[in-house]
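Here is the structure we will look at, set down as structure tokens.
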Ligand code: PMP
């Protein structure tokens, strides 16, 4: 009989899928690494597992302990399902702008959710950073993974995502493209792929970041954008810019138009940061010869964005409907 002991044992080993229809005008092969097939539905299951196991090994997380993290989304789900497997309680702190649906997903896994006001600055005692620090300090056995500074985030990708991509492309990979949020994915995966290909005859793998226009990674001021999970207004410790060869800025309109195309034209119902990463991957791929191979990482599923990116009313209110955005998208992708 073939079965897993627990759903958390199935994190990682995600497939590569060729993009065939959104790649018009591109000579080389573009492969998507589909992370929504992870048990919690996103790439973040990987860091959750490794951060928890490292904290157990160091003694920072003791049996019966409580995981406390400011997170509203994918990292919370990953921590909750690994926490469930290992018997840890989870308390997640979310700002009130986070939708009730997202909070309910965390509660469904048995986590406790504490809601804080969105309108206060990070240093305010009621901010979600301050509240999570306070709860972690005041809860006996409390431990805060802190995905923005925890080196086990990038390490999880160095030890899993990177080796998986290298093995599945038989060492033929030319470039790796990923969005940058905490920076953990691109830093860990990119570091492994650079190192493993360092002495290759054709040259090493190029590491390309994708960033929402306005975010600091692509030289912006941190001004707002709508794509979720990527971009920053500060530089987290999980991100090592030395690993990255180039960062490509992508607008919200381009990201969302491509996200919708991925569902309709490739059968990939994925989130907005996936559309963003694919726009950057195609722009990079357009500069490469036919024998090149590009892998682009798609972090999560489109299910969490049905009332936004996949809702015509929401898209139309921002002028993002594919018809409305068509001219800019076609003009700038290729
Ligand atoms: N996309 C989504 C939807 C995410 O939740 C995240 C994680 N914040 C990312 C992309 C970026 O991943 P990383 O934090 O590893 O840079």
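If we scan the range 192-205, do we find a residue that is closer than 21 Å to residue 300 by Cβ, buried (at least 21 other Cβ atoms within 10 Å of the Cβ) and within 16 Å of the ligand (Cβ to nearest atom)? Within the range 192-205, not a single residue is closer than 21 Å to residue 300 by Cβ, buried (at least 21 other Cβ atoms within 10 Å of the Cβ) and within 16 Å of the ligand (Cβ to nearest atom).
Among the residues making up the range 201-227, those that are at pLDDT 95 or above and out of contact with any strand residue (DSSP E or B) (no Cβ under 9 Å at 6 or more places or on another chain) are 203, 204. Is one or more of the residues making up the range 310-320 out of contact with any strand residue (DSSP E or B) (no Cβ under 7 Å at 6 or more places or on another chain), within 12 Å of the ligand (Cβ to nearest atom) and within 17 Å of residue 231 (Cβ to Cβ)? No, the range 310-320 contains no residue that is out of contact with any strand residue (DSSP E or B) (no Cβ under 7 Å at 6 or more places or on another chain), within 12 Å of the ligand (Cβ to nearest atom) and within 17 Å of residue 231 (Cβ to Cβ). Which one is nearest to the ligand (Cβ to nearest atom), of the residues in the range 147-173 that are in contact with a helix residue (DSSP H, G or I) (Cβ under 9 Å, 6 or more places away or on another chain), farther than 27 Å from residue 72 by Cβ and part of a loop (DSSP other than H, G, I, E, B)? The extreme case among them is 173.
Condition test on residue 87, is it at pLDDT 95 or above and farther than 21 Å from residue 229 by Cα? Quick ask: steps written out before the conclusion?
Values: at pLDDT 95 or above: yes; farther than 21 Å from residue 229 by Cα: yes.
So residue 87 passes the test.
Screening the range 43-71 for residues that are more than 15 Å from the ligand (Cβ to nearest atom) and assigned to a helix (DSSP H, G or I) and picking the one that is nearest to residue 93 (Cα to Cα) gives 52. In the range 17-27, of all residues being touching a residue at least 40 places away in the same chain (Cβ under 8 Å) and in contact with a strand residue (DSSP E or B) (Cβ under 6 Å, 6 or more places away or on another chain), the one that is farthest from the ligand (Cβ to nearest atom) corresponds to 23.
Would you point out the residue of the range 70-86, among those that are more than 15 Å from the chain's Cα centre (by Cα) and crowded, with 24+ Cβ neighbours inside 10 Å, that is farthest from residue 102 (Cα to Cα)? It would help to see each step written out before you state the result.
Narrowing the range 70-86 to residues more than 15 Å from the chain's Cα centre (by Cα): 70, 80-86.
From what's left, crowded, with 24+ Cβ neighbours inside 10 Å: 70, 80-82.
On the way: 70: 13, 80: 13, 81: 15, 82: 18 Å.
Top of the filtered list is 82.
Checked against (1) within 12 Å of the ligand (Cβ to nearest atom); (2) in contact with a strand residue (DSSP E or B) (Cβ under 7 Å, 6 or more places away or on another chain); (3) within 26 Å of residue 158 (Cβ to Cβ), residue 259 passes all but condition (3).
On the basis of being in a helix (DSSP H, G or I), out of contact with any helix residue (DSSP H, G or I) (no Cβ under 9 Å at 6 or more places or on another chain) and at negative phi, does residue 36 make the cut? No: the conditions fail for residue 36. Of all residues in the range 178-191, those that are within 15 Å of residue 165 (Cβ to Cβ) and in contact (Cβ under 8 Å) with a residue 24 or more places away in the chain have Cβ atoms under 9 Å from Cβ atoms of residues that are near the ligand (Cβ under 6 Å from one of its atoms) and part of a loop (DSSP other than H, G, I, E, B), 6 or more apart or on another chain, in 178/299; 185/299; 186/180; 187/180. The condition (being surrounded by 22 or more Cβ atoms within 10 Å (Cβ to Cβ) and either away from the ligand (no atom under 14 Å from the Cβ) or modelled with pLDDT of 95 or more (or both)) is satisfied by just one residue among 243, 250, 230: 250.
The values are calculated or read from the model by the stated rules, or taken from the named source; none is laboratory data. This structure is a prediction, so every number in the text was calculated from the model and none was measured. Cβ: placed from backbone, ideal geometry, glycine included. Neighbour counts: every protein chain shown.
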